[in-house]
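Just so you know, all these numbers are worked out from the coordinates, no wet-lab data involved. Note that the structure is a prediction, hence the values are computed from the model and not measured. Methodologically, a virtual Cβ is constructed for each residue, glycine included, from the backbone with ideal geometry; neighbour enumeration extends over all protein chains shown.
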Amino acid sequence: MPRVLLVVPTSSYRIADFMQAAEALGVEVAVAAEEDLPLLGVDRFVRIDCSDPESAAAALADLAATTSIDAIIPVDDSGVVIAAMASELLGLPHNPPAAAAATRDKEMMRAALARGEVRQPAFAAVGPGEDAETVAAALGYPLVVKPLSLSGSRGVVRVDDVGALGGVVERVRAIAREAGGTAVARRQRLPWGRLSPHAPPHEAGDPAPPVPPAAASEAPGRSRAAASLRA
């Protein structure tokens with residue numbers, strides 16, 4: 001029977017769905033988690049610290065030395081780097097660890113997109129000692145402020161003018177700190193107004209389509225710029 005190793009952070013609520021899917025597919029499951037799972041034997045469980053990807057990946061490789069592992073699957077975004085690094089150590093199919101790391105850091109991801117000449121909004125990262133107002137002025141309003149490392153729209157807030165910027169920056173920094181995030185990002189809106197896989201291509205000089213008036217105040221796709229804050 002094939003066996004997959006699930007990488008499970010403490011905050012994840014998805015493990016039950018993965019276990020049910022594995023049972024339906026006839027796949028045995030081993031788990032790498034931040035908390036003990038007493039129902040699993042020692043050959044199917046290893047405790048890890050998701051905040052230390054290198055040591056976590058080494059722990060997964062050690063488990064694979066004593067039991068068969070056919071694939072490593074992260075059940076949440078905080079496990080993608082660990083899974084990529086461990087799979088590389090074991091010669092299993094995987095995404096490049098550097099690519100996985102870019103999915104966890106918005107500044108790194110946008111820099112990679114820029115190197116590949118992928119069209120994207122203007123962006124900037126703002127450190128704790130940097131002047132957010134100066135950076136925001138260079139990007140232009142409206143803009144979106146967001147943490148560098150969180151997902152699921154946590155801490156993503158639209159800012160329409162400089163008067164609202166300071167309060168939003170502090171709010172987003174607090175969200176990032178509470179969640180263990182590392183930064184906040186700002187992004188400039190594309191001329192046609194929203195980022196979507198279904199949005200039509202826009203060329204210079206094309207008229208921008210109308211944006212619905214009921215835009216949510218924290219909708220990142222309707223902002224003209226993006227910035228990331230380092231907590």
Find the all-direction average of the projected area of the Cα convex hull for the range 3-102, expressing the result in square nanometres with one decimal place.
-> 5.8 nm²
Label-to-label distance, nm, for residues given as ALA65 and VAL27 (7 Å Cα→Cβ offset) | 2.6 nm
Could you let me know the centre-to-centre spacing of the range 1-55 and the range 158-175, using Cα atoms, in angstrom?
-> 38 Å
Length gained if ASP17 through ASP131 is fully extended, taking 0.36 nm per residue and subtracting the Cα-Cα distance, is 36.6 nm
Toy charge model, Lys and Arg Cβ at +1, Asp and Glu Cβ at -1: the range 3-102 dipole around Cα centroid in debye, rounded to 20, equals 180 debye
Going by average Cβ neighbours within 10 Å, how do the peptides 143-151, 54-62 rank, with the highest at the top?
-> 143-151, 54-62
Based on the mean of other beta carbon atoms within 10 Å per residue, what is the order of 69-82, 24-37, most packed first?
-> 69-82, 24-37
